[in-house]
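Structure, as structure tokens:
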Amino acid sequence: MFTGIIEAKCRVESAKPSGGGLRLALDLALLEGPFSLGESVCVNGVCLTVSSLDGTLAGFDAVEETVARSNLTELKTGDFVNAERALRLGGRLGGHFVAGHVDGTGTLKKIQKLAGSIVLSVECAHELTESMIEKGSVALEGVSLTLVSVGRGSFSVAVIPHTLEVTTLGGKKPGARLNVEVDMLGKYVRKLLGKTGTQSNISKDFLAEHGFR
């Protein structure tokens, strides 16, 4: 479990196809150690397991499902990724609960500069936005962000200058493909109320009013 509060931008030392998946090597020197084999690290929003370790050089294996749902195959040597170690029990939850299980990718369509923030507009599959609500949370490239608006197959998020500086989002341009993880609470609520064939005692009008269409 993660929080979406990025701890460091770590350098990609290598990124190579491995069977139907991907083998990554990252320099974790900017993260607080020590590290251990088998621990989880969130890499651009994807939960990966440390499968090899040489000092701060860590190897990770991304399986076919992970590769299919994320943008990890676009990484190359010299790139930087958003990295976060797993949440310690009793630690501060500065963002929201992030599982590191990316639901899919979205395309950055527009960057709007405001007085104190930047608004990023993203297009994605409408199945993803069905579980989003305005002022709710979403993880974009592993970063916990607040949703400004939600449409059918599109959403926007507000990003403060500090977040742009300490994450890879500051270097993204329109057309970039971004990893998207919908807030797990939204997914559970939608499945409970919309996929079971029952609506409990909650009306459809109530669901529509709160963004669950």
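Could you say whether any residue in the stretch 6-20 is under 14 Å from the mean Cα position of the chain (by Cα), crowded, with 19+ Cβ neighbours inside 10 Å and under 21 Å from residue 166 (Cα atoms)? Looking through the stretch 6-20, at least one residue is under 14 Å from the mean Cα position of the chain (by Cα), crowded, with 19+ Cβ neighbours inside 10 Å and under 21 Å from residue 166 (Cα atoms). Being closer than 24 Å to residue 11 by Cα, outside the structural domain of residue 34 (by TED's automatic domain parsing) and buried (at least 20 other Cβ atoms within 10 Å of the Cβ) is a description that applies to residue 98.
Determine which member of the set 49, 73, 66, 107 is within 26 Å of residue 183 (Cβ to Cβ), β-branched (Val, Ile, Thr), touching a residue at least 60 places away in the same chain (Cβ under 8 Å) and surrounded by 12 or more Cβ atoms within 10 Å (Cβ to Cβ).
Exactly one of 49, 73, 66, 107 is within 26 Å of residue 183 (Cβ to Cβ), β-branched (Val, Ile, Thr), touching a residue at least 60 places away in the same chain (Cβ under 8 Å) and surrounded by 12 or more Cβ atoms within 10 Å (Cβ to Cβ), namely 107.
Kindly indicate whether residue 135 is in a strand (DSSP E or B) and of a type in the set (Lys, Arg). No: the conditions fail for residue 135. Counting the residues of the stretch 50-66 that are within 11 Å of residue 24 (Cβ to Cβ) and either of a type in the set (Val, Ile, Thr) or at pLDDT below 95 (or both) gives 2.
Quick one: would you say residue 15 is in contact with a helix residue (DSSP H, G or I) (Cβ under 8 Å, 6 or more places away or on another chain) and either in a loop (DSSP other than H, G, I, E, B) or among the small types (Gly, Ala, Ser) (or both)? Spelling it out, residue 15 is indeed in contact with a helix residue (DSSP H, G or I) (Cβ under 8 Å, 6 or more places away or on another chain) and either in a loop (DSSP other than H, G, I, E, B) or among the small types (Gly, Ala, Ser) (or both).
The residue pairs whose first member lies in the stretch 87-99 and is on the phi < 0 side of the Ramachandran plot and modelled with pLDDT of 80 or more, whose second member is polar (S, T, N, Q) and part of a loop (DSSP other than H, G, I, E, B), and whose beta carbons are closer than 6 Å, counting only pairs six or more residues apart or on different chains, are 87/3.
Filtering the stretch 90-124 to residues that are of a type in the set (Val, Ile, Thr), assigned to a strand (DSSP E or B) and touching a Cys at 6+ places or on another chain (Cβ under 9 Å) leaves 98, 105, 107. Residues in the stretch 138-149 that are part of a strand (DSSP E or B) and either under 15 Å from residue 110 (Cβ atoms) or not β-branched (Val, Ile, Thr) (or both): 139, 140, 144, 145, 147, 148, 149.
Would you say residue 156 is out of contact with any Gly (no Cβ under 8 Å at 6 or more places or on another chain) and modelled with pLDDT under 95? When the stated conditions are applied, residue 156 does not pass them. Based on what the data block shows, is residue 77 outside any strand (DSSP E or B), in the same structural domain as residue 26 (by TED's automatic domain parsing) and β-branched (Val, Ile, Thr)? Yes. Inspection of the stretch 36-44 identifies at least one residue that is in contact with a strand residue (DSSP E or B) (Cβ under 6 Å, 6 or more places away or on another chain), in a strand (DSSP E or B), under 30 Å from residue 147 (Cβ atoms) and among the polar types (S, T, N, Q). Residues satisfying the criterion are present in the stretch 16-37 (criterion: over 17 Å from residue 168 (Cβ atoms), touching an Asp or Glu at 6+ places or on another chain (Cβ under 9 Å) and among the aliphatic types (A, V, I, L, M)).
The values are calculated or read from the model by the stated rules, or taken from the named source; none is laboratory data. Here the structure is a predicted model, which is why all the values come from computation and not from measurement. Here the Cβ is made from the backbone with ideal geometry for all residues, glycine too, and neighbour counts use every protein chain on show.
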